[in-house]
Every structure is written in C-alpha cells, then in structure tokens.
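Notes for the one structure printed next.
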Amino acid sequence: MAPPGRAWNMLVALQAGNIVARYAKLHLYDAFAIQESRHVDAGNEIAPLLEVEGMKVGLMTCYDLRFPELALAQALQGAEILVLPAAWVRGPLKEHHWSTLLAARALDTTCYMVAAGECGNKNIGQSRIIDPFGVTIAAASEMPALIMAEVTPERVRQVRAQLPRLKQPSLCAAAIIMMFFYSALDSPCYRLLLCARVE
C-alpha cells in the first residue's frame, strides 16, 4: 500500500481473471510543466516477466518510454515483447516523440513494442504495435480503436540474428554500472541493470 495521501501509478496484469503481476511506475512524469511526483510515489522494482502463449512479456508505463535502461534490462532478462500503456499528453512535438521513442525502444531491445495510447481531449491516442526492427505493423489514430498484429518468437529470433544488439558489449551499460558502484547514481532503473545478464 502507498503511504496515506500518496498513490502509485500501478499497472496490473491479468491472466484468466487473476492478477499475475503488479508494476508501480519507476519514472514519474515530472516534465513539460507537470509534476506527477507531487501526489505519486515511484516504484522501486521491475515487474517479473510474464509468459503469454510462449513469449516473454515485460511491462512499462507511459513516461518509462523515455528511459532506455528499463527496456534494455527487461530484454536482457529475456523479454521478447514490451507492453506499455500510456496517457501521452498532447503538446508540441509530443506525437513525434511518441512514434520515435517507440521505434527506438524496439530497436534498442529487438523486442516487439505493444503500446496502448489513451484517447481523449488531453492525450494523443495513437496506439501502436512495432516489430523488433522498429517497423510499425499496426497503428490507431487519436480515436478509440482495436488494433491487432501477429507477433512471433521466430521474428524476434530472426531480427536478433541480424542485429545481435543484446549480445554485444555496451560501454553505456558498463559506465552506468561503474557509476552505480561509486554511488554516483541512485536510480531504481540503474540498479535493475545490475541484475541483467549478458551472455
């Protein structure tokens, strides 16, 4: 439970009507003149990967999209699909940010990105499914819609064979880990990277 007067931005995953995972958003939306942290506490751990029809699924929420470390940590733990519900607020260049960041996270991780964008007067909608090569394979407009696309582990393996990003050393990840040990960073997401294993 969150402390009195506070809340978590909580994503709940259901299977067969049962709660199988809870994820409290790590990165609060303190940007573009909005301060989510005034009323909401950040989570402190990554959600466990879910298995859905033989594929491993990671969870993220909204502003998490701007932090590649979280997506990378889940991919290194075996995620093949990253699911991201979002209330992406309208504003200058925000639609461009949305589409660019979704494609970037797919490419960073060679995972499918399945993003549900909330519609309404304040938000852009634009739900998308992006394949592991960063290609949009299904998309909605700003209006409510149901979108579908085929996602397969074979496509993930095919892309990862051509783009073995997750097996290649990362100077950025190494630098983050070094700074962590020297207490230069104190972010839950950077701590998560320490748990990820590269073969």
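Just one of (1) modelled with pLDDT of 95 or more; (2) of a type in the set (Ser, Thr, Tyr); (3) out of contact with any Pro (no Cβ under 9 Å at 6 or more places or on another chain) trips up residue 63, so point out which.
Only one criterion in (1) modelled with pLDDT of 95 or more; (2) of a type in the set (Ser, Thr, Tyr); (3) out of contact with any Pro (no Cβ under 9 Å at 6 or more places or on another chain) is unmet by residue 63, namely (1).
For region 36-95, give me the residue count where each residue is of a type in the set (Gly, Ala, Ser) and either touching a Cys at 6+ places or on another chain (Cβ under 9 Å) or buried (at least 18 other Cβ atoms within 10 Å of the Cβ) (or both).
Summing the residues that are of a type in the set (Gly, Ala, Ser) and either touching a Cys at 6+ places or on another chain (Cβ under 9 Å) or buried (at least 18 other Cβ atoms within 10 Å of the Cβ) (or both) in region 36-95 gives 9.
Please list, ordered by residue number, the strands (runs of 3 or more DSSP E) wholly in region 1-118 having 2 or more residues that are over 15 Å from the mean Cα position of the chain (by Cα).
Ranges flagged: 10-15, 18-24, 50-52.
Being part of a loop (DSSP other than H, G, I, E, B), within 17 Å of the chain's Cα centre (by Cα) and closer than 21 Å to residue 90 by Cα is the filter here, so list the residues in region 119-152 that pass it.
Once the filter is applied, which keeps residues that are part of a loop (DSSP other than H, G, I, E, B), within 17 Å of the chain's Cα centre (by Cα) and closer than 21 Å to residue 90 by Cα, region 119-152 yields 125, 126, 127.
Can you tell me which residue among 177, 137 is modelled with pLDDT under 95 and surrounded by fewer than 18 Cβ atoms within 10 Å (Cβ to Cβ)?
177
The values are calculated or read from the model by the stated rules, or taken from the named source; none is laboratory data. Model, not experiment: these values are computed from the prediction. Every residue, glycine as well, gets a Cβ built from its backbone with ideal geometry; the counts of neighbours run over all protein chains shown.
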